[in-house]
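Working notes, beginning with the structure itself.
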Amino acid sequence: MSDQHDIGFTVNGRAVTLTTSATTLLLDALRGPLGLTGTHAGCDTAQCGACTVVVDGLAVKSCSVLAVQCAGRAVTTVEGLAAADGTLSKLQQAFVDCHGLQCGFCTPGMRRSAAALRGRVPQPSEPQILDALEGNLCRCTGYTNIVAAVQQAAATRAGSPA
Amino acid sequence: MSGTAMEAGRFGSGRVVNRIEDAALVRGQGQFTDDRSQPGELHCVFVRSPHAHARIQGIDVDALRAMPGVMAVITGADLVAAGVKPLPPVAGFKRPDGTPAASAARRALAHEVVRFVGEPVLAVLADTLAQARAAADAAWVDYDELPSVTGVCDALAAGAPRVIDGAPDNISAQQRHGDAQACAAAFDSAAHRIVLDIDNQRLAPTPIEPRAVQAEVDPETGRLTMWLSSQMPTGIRNALSDLLPDLPKDKVRVRVGDVGGGFGMKTGAYPEDIAVAHAARVTGRPVRWRAERLEEFTAAVHGRDVISRAELALDAHGRVLALRVRSFANTGAYAGGTGVAIPLLIGPWVSTSVYDIPVIDFDLNAVMTHTTAMGAYRGAGRPEAIYLIERLMDAAARELKLDPAELRRRNFIAPSQMPYRNPMGQTYDCGQFERVMDQGLALADYAGYEARRAQSQQRGRLRGRGLATFLEWTGGNVFEERVTVDVTPDGFIEVCSAVQGMGQGIATSLAQLAVDVFDVPLDRIRVVMGDTDRNNGFGSAGSRSIFTGGSAVKVAAQRTVDHARELASQALEAPVADVEYAAGRYTIAGTDRGIGLFELAGGQPGARIHVDATSAVGGPTWPNGCHICEVEVDPDTGEVEVVAYASVNDIGRVISPAIARGQIDGGAVQGIGQALCEKVSFDPASGQNLTGTLMDYAMPRVDGFRAFKTAFDEATPCTVNPIGVKGVGELGTIGATPAVVNAVVDALATAGLGRAAEALQMPLTAEQVWRALARRELPASPFKVS
């Protein structure tokens, strides 16, 4: 029995097929054959959240999900938000405006966790934001400006001043 | 193409601007080292020692070499045979008996002996990562286990296992500073003597991006190109050239892409860097390696880890007469220059801090143990030094029944004493410490504290307040920087610097300084770093980048404008004195005849204006601050919560306000982490690292304190560099730790423990705090040295 499996799923709205081993992590499938290096590897124990992506609307740690588990599912990564003309999304703009990133390594994971939250709760309270980001570590910013960025993006979406 | 002066002025120094780094990073288009891949690359996996101390009796690699995809297996013996030298040991220090400082030879792969859990022993190279891991798992190394020691006090005890034979007491180096006799006399005559035994615990810097290294050799030229996540590319290049055989400096190029946090952990060359480079040279294929988090916790440098007995002598009015410190710092198994200089020299430079203390007596020791090597971690010695003096000052205030701010006020160095030479021979150029404290007290609403404490009490919480007034030393002791500037007709100005971005936004700050001179919009400036073929220098550490790198950019930019003015005068056929520059254009004064800077560049040979300028600042800078923290303690659980934090910081002129604030607040969260939850722990019996994952090493998370009140006082610009700037990167970390701990001690002292609360040691876990409150059980002194 071959260890290689053919799987089909969508990544950032685009259908992809991948032939890969059953043991391939989603993280490695994204960063390797799919060439999407925006999702990062920061630890071995699913603690840091740098690998966070969204699968069928849920924030998951791609270091702890097998690629084969994503067959038939919709995966979105940090690259997926880019507008064709390069305009930043409200959340991206909020991160820039609020100085919500320093080295930028945890940022994709933070953004994906925030995006999954937005999908469920368009106007999250601060406790809901903290709960959504609890699984994402940042060593640079001290978190203040990250939370502010998520709040600003929600406010902008609601049409109220940031 | 050229903006108006007003438009450019919106982006110059002092303004809040969107960072130029963010466009790529926020889109997930960062170029971190592990994001690169090369055709034909080999994956490297290290086999590491599971023992803290052992002899390597035998290694069987034949079976490994036969495994699928395995291209090479490299041992320590292979490196010795190939002429690869060990990393440089500590130099310039002495043992107590006057012999040169002791250190074991640290090889890129261990040879004959392993000295800490996690030390690299084999490098396995295979076509895929899975194949390399499978082979590494199958590696068989025959170890003969030896006794080991991990704690400094245990290492000093009679009969302790030795790290190397040349140092039977395990002391690598010792330094005495000050005047022991004068100090003893001061203590004899003192009205008050305060003694504290302090454990400044071992920490793991833990940048979220693990180390990553890639190496490839050009088959035609033999030139080695390295990509790695490092703060100091030139240092890496020099180390590779020094340690690898037949590799002159011009045969090595080091490139650095985006760095996901450094904090000092990514400054020096690591064994893995040497091993990966060697592997690329012997296999002829590109080689890549990324550290797993366990490898970072066990084999990347740790910080702090020093045990001290600190004593303060004061007169009846609370004036400090003398400071005496005896300390023992852990160097780990391999005492390197950085790991020894930090506790013996760099930290002590600021031990008397902002206070006018006339007499010191320091007995500082670097001790070897079978643990990970120690290195720089945000603050690098200054947090340890400031922690001691600030804990002492609060204890003295408690003893003398003085307000902690008042005690400090009686001891500040006055502005009239500047420039001030401290007892370690360091000269502070300027500082207004009392002024900064007064602003800090106001920002923290110091006067309103009692009302807040009463409110906390009504909610069943103990409240405490802690103060830290302090300064720190910045610069890395290297003050010269080279900058090149290239102006091109496509309308861009490329500034190349040898400092290194790692998240601190230095490219943006340098660009703002360039805008000050060139008077063009920010998006006309491109900042290039991280290529040893383009520029060389010390790199980024010790909070030096903005004041050394920034001063050099300002000088180079000004030289470019001046040089281009001469070119313009030729082009316009007018005397230089009549040529003015503004907003990207040279004009003849009083006329509308002129030429644009970029057009001028296009007309030059090579179609560019190129300036190469090396300049130096006059010395280190002494940023300083007043940090005030309030905590609440739940007496039922011992949990500590930071509930207020205000700081006023003197970093001289502020170039990039949002970036500077991010450095203070982000650094403060690291300092809070040391105070409350972080610690690297070893099992004393086996030497195993007990905190090797993020499940065990407690990092600050998003639900921690975030409501920082952070202000800057720009009234005291630095006088030894042309931009008036003082370093900022480490200031928040240095101030936060003592502010938080002083607050918790205050809460418990006020709750009835009195001065007994000063026995608390970091991290202030809920268990320790609860035991103190509920059972009056306090930790025994960590200073178990005779």
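Odds and ends about this structure:
- For the range B:242-383, the spread of Cα positions along each principal axis, largest first, Å: 72, 30, 29
- Taking a ≥ b ≥ c as the square roots of the eigenvalues of the alpha-carbon gyration tensor, the protein assembly as shown is classed rounded because a/c is under 1.5.
- Spin-label model, B:A756/A:T23: points 7 Å from Cα along the beta carbon direction are separated by 5.7 nm.
- For the range B:279-388, the share of DSSP beta bridges that are antiparallel, to the nearest 5, is 45%.
- Within the range B:737-766: backbone nitrogen closer than 13 Å to the B:S781 label point (7 Å, Cα to C-beta): B:759
- For the range B:328-373, the spread of Cα positions along each principal axis, largest first, Å: 39, 16, 12
- Seen from every direction in turn and averaged, the convex hull around the alpha carbons of the range B:508-611 projects onto 7.4 nm².
- Modelled label positions at B:D490 and B:D246, each set 7 Å beyond Cα in the direction of Cβ, lie 4.0 nm from each other.
- Cut-off 19 Å (backbone N to label point 7 Å along Cα→Cβ of B:R526), residues of the range B:476-491: B:483-491
- Across chain B, C-alpha contacts under 8 Å between residues 6 or more apart give a mean separation that, scaled by the residue count, equals a relative contact order of 16 percent.
- Bridge orientation summary for chain B: considering DSSP beta bridges with both residues in this region, about 80 percent are antiparallel.
- Candidate lysines - alpha carbon under 16 Å from B:K726, same-chain residues fewer than 8 apart omitted: B:K554
- Within the protein assembly as shown, DSSP assigns beta bridges of which about 80% are antiparallel (rounded to the nearest 5).
- Segment B:R36-B:A191, extension gain: residue separation times 0.36 nm, minus the distance between their alpha carbons: 49.3 nm
- For B:I360, A:I146, B:I664, B:I59, order by how many other beta-carbon atoms lie within 10 Å, fewest first: B:I59, B:I360, B:I664, A:I146
- Taking every C-alpha pair closer than 8 Å and separated by at least 6 residues, the mean separation divided by the residue count of the range B:457-606 gives a relative contact order of 25 percent.
- Sum of -39500 (n - 2.57) over DSSP H runs of 4+, divided by residues of the protein assembly as shown (222 nm, nearest 500): -8500 deg cm²/dmol
- Three-way shape call for the range A:87-156 based on the alpha-carbon gyration tensor, with the a/c threshold at 1.5: oblate
- At an R0 of 25 angstrom, the distance between the Cβ atoms of B:R223 and B:A23 translates into a FRET efficiency of 0.20.
- Helices in chain B that qualify as membrane-span-like (whole DSSP H runs, Cα extent of at least 30 Å along the helix axis, mean Kyte-Doolittle hydropathy of -1.0 or higher) are B:550-572.
- Here the extension length gained between A:Q128 and A:Q4 equals 40.6 nm, from 0.36 nm per residue of separation less the Cα-Cα distance.
- Here the range A:45-113 has an Rg and Dmax of 13.0, 38 Å, counting Cα atoms alone.
- Placing a label point 7 Å from the Cα of A:T45 along the Cα-to-Cβ direction, the residues of the range B:672-706 whose backbone N falls under 16 Å of that point are B:677-683, B:688-701.
- Panel order for B:V350, B:V124, by other beta carbons found within 10 Å of each beta carbon, from fewest to most: B:V350, B:V124.
- Gyration tensor verdict on the range B:649-779 (Cα atoms; rounded if a/c is under 1.5, prolate if a/b is larger than b/c, oblate otherwise): prolate
- Full extension of the chain between B:E406 and B:D562 gives 51.0 nm of extra length, using 0.36 nm per residue less the Cα-Cα distance.
- Between B:L690 and B:W140, the FRET efficiency estimated from the beta carbon spacing at R0 = 30 angstrom works out to 0.70.
- Net charge of Cβ neighbours under 13 Å - reference B:I307; Lys, Arg +1; Asp, Glu -1: -1
- Under the simplified labelling scheme, the B:A774-B:A82 pair shows an inter-label distance of 5.7 nm, with each label point 7 Å from Cα along Cα→Cβ.
- Efficiency of FRET from Cβ geometry, B:A63 and B:R176, R₀ 56 Å, rounded to 0.05: 0.55
- For the range A:35-122, the relative contact order is 37 percent, taking Cα pairs closer than 8 Å that sit 6 or more residues apart in sequence and dividing their mean separation by the residue count.
- From least to most packed, judged by other beta carbons within 10 angstrom and beginning with the fewest, B:T484, B:T719, B:T372 follow the order B:T719, B:T484, B:T372.
Since every read-out is calculated from the coordinates, none of them should be taken as a lab result. None of the values given here were measured: they were computed from a predicted structure. Cβ atoms come from the backbone with ideal geometry, glycine included; neighbour counts cover every protein chain shown.
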